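Just so it is clear, none of the values below were taken in a lab; they were calculated from the coordinates. All figures in this text were calculated on a predicted structure; none of them were measured in a lab. Here the Cβ positions follow ideal geometry from the backbone for every residue, glycine too, while neighbour counts run over all protein chains shown.
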Amino acid sequence: MSEWSGQASGATAYISHSSCSMHDMGKGHPECPERLAAIQDRLIAAGLWDYLLHVDAPPALREQIERVHCADYLDDLARRSPAVGTVQLDPDTAINAYTLRAAYHAAGAGIKAVDLIMSGRAQNAFCAIRPPGHHAERARSMGFCFFNNVAVAAQHAMDAYGLERVAIIDFDVHHGNGTEDIWAGDPRVLMVGIFQHPFYPYSGDIPKGSNMHNVPLPRASTGQQFREAVCEQWLPRLNEFAPEMLFISAGFDAHLEDDMGSLGLVEADYAWVTRQLMKVAEVHSSRRIVSMLEGGYELSALGRSVAEHVRVLTGE
Ligand SMILES: [Zn+2]
């Protein structure tokens with residue numbers, strides 16, 4: 001679908017690419033192509049699909065990815081990319097013939113989102129992409145992630161549009177160790193995160209920089225505890241920082257029904273936190289929000305949660 005087929009300025013862009021469904025880490029792997037189909041199905045069923053500005057994600061340029069990842073690491077991934085079958089990079093993370101193509105388009109989705117928003121062609125954007133990104137460190141793939149999509153996008157916003165303060169908000173059930181690895185100590189970036197702890201990747205309890213506001217939650221924490229942490233810890237810090245653009249690492253594996261983690265969020269919590277972030281963006285960021293898919297593995301809960309997140313982004 002053409003990027004001009006949806007609504008004009010004020011629209012919520014929905015950015016994806018067909019290659020994102022061709023990356024496949026093997027039968028039974030939870031980070032599976034069906035995740036994107038589940039999201040699409042639910043957006044259609046919710047009546048939201050036709051209201052979105054549908055845009056194909058272009059591939060990110062290698063130089064755009066090199067701004068947050070080491071060149072040697074990118075070369076190593078290319079070297080290990082198989083023509084057929086899969087190659088395990090670690091026990092959780094594998095690469096097939098389409099993985100790198102999907103990863104370049106996934107990172108490119110965030111760059112496209114920034115461009116659409118900064119040029120006024122969209123108000124905000126949801127990037128329905130895989131592989132996800134927030135565990136990818138500057139020089140290491142891990143936890144289903146290859147390129148740190150949200151970091152590539154935030155870097156692009158600063159490089160191409162001169163933004164001086166950007167916020168990254170991460171509500172995936174896992175700590176965004178890759179994003180922390182890339183941005184810890186950089187005063188242009190504030191990262192706020194909530195994650196189950198102790199839990200994979202067993203980091204985040206001691207932040208690596210004063211610009212990292214990490215909120216570990218014990219297993220079995222509820223949506224109410226999540227909301228209290230957002231109100232008491234995230235929102236004051238975000239309002240003090242006054243970001244010019246918000247980037248969301250939107251993982252939905254803290255959902256009650258998602259066996260990957262042991263937190264108790266439900267769809268209403270994702271709608272609620274999205275509304276809180278919309279308010280921050282309205283006050284400080286000219287309502288600019290780029291949201292990028294991270295985790296979320298129980299397909300029905302994932303679809304329902306994304307639908308509520310996107311519904312709020314559209315202003316409904
Ligand atoms: Zn996760």
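Can you name every residue in region 45-62 that is outside any strand (DSSP E or B) and either touching a helix residue (DSSP H, G or I) at 6+ places or on another chain (Cβ under 7 Å) or surrounded by 12 or more Cβ atoms within 10 Å (Cβ to Cβ) (or both)?
Ala45, Ala46, Leu48, Trp49, Tyr51, Leu52, Ala57, Pro58, Pro59, Ala60, Leu61, Arg62 - these are the residues of region 45-62 that are outside any strand (DSSP E or B) and either touching a helix residue (DSSP H, G or I) at 6+ places or on another chain (Cβ under 7 Å) or surrounded by 12 or more Cβ atoms within 10 Å (Cβ to Cβ) (or both).
I need the full set of residues from region 171-192 which are in contact with a helix residue (DSSP H, G or I) (Cβ under 8 Å, 6 or more places away or on another chain) and either under 16 Å from Leu238 (Cα atoms) or away from the ligand (no atom under 16 Å from the Cβ) (or both), in order please.
Phe171, Ile182, Trp183, Arg188, Val189, Leu190, Met191, Val192
In contact with a His (Cβ under 9 Å, 6 or more places away or on another chain) and aliphatic (A, V, I, L, M) - does that describe any residue in region 41-52?
no
Residues checked against (1) part of a strand (DSSP E or B); (2) in contact with a strand residue (DSSP E or B) (Cβ under 6 Å, 6 or more places away or on another chain):
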position: Ser249; (1), (2): yes, yes
position: Gly261; (1), (2): no, yes
position: Ser291; (1), (2): yes, yes
position: Gly295; (1), (2): no, no
position: Ala301; (1), (2): no, yes
position: Arg311; (1), (2): no, no
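Return the only residue of Val283, Val230 being within 19 Å of the chain's Cα centre (by Cα) and either buried (at least 24 other Cβ atoms within 10 Å of the Cβ) or without any contact (Cβ under 8 Å) to a residue 60 or more places away in the chain (or both).
Val230 is the lone residue from the list that is within 19 Å of the chain's Cα centre (by Cα) and either buried (at least 24 other Cβ atoms within 10 Å of the Cβ) or without any contact (Cβ under 8 Å) to a residue 60 or more places away in the chain (or both).
I'm trying to understand the selection: among the residues of region 286-316, which are of a type outside the set (Ser, Thr, Tyr), free of Cβ contacts under 8 Å to residues at least 60 places away in the same chain and within 16 Å of the ligand (Cβ to nearest atom)?
Glu298, Ala301 - these are the residues of region 286-316 that are of a type outside the set (Ser, Thr, Tyr), free of Cβ contacts under 8 Å to residues at least 60 places away in the same chain and within 16 Å of the ligand (Cβ to nearest atom).
Could you go through region 116-131 and let me know if any residue there is within 20 Å of Phe195 (Cβ to Cβ), of a type outside the set (D, E, K, R) and not in a strand (DSSP E or B).
Taking every residue of region 116-131 in turn, at least one turns out to be within 20 Å of Phe195 (Cβ to Cβ), of a type outside the set (D, E, K, R) and not in a strand (DSSP E or B).
Could you list, in sequence order, the residues of region 63-85 that are part of a helix (DSSP H, G or I) and either touching a residue at least 40 places away in the same chain (Cβ under 8 Å) or buried (at least 16 other Cβ atoms within 10 Å of the Cβ) (or both)?
Result: Gln64, Ile65, Asp72, Tyr73, Leu74, Leu77.
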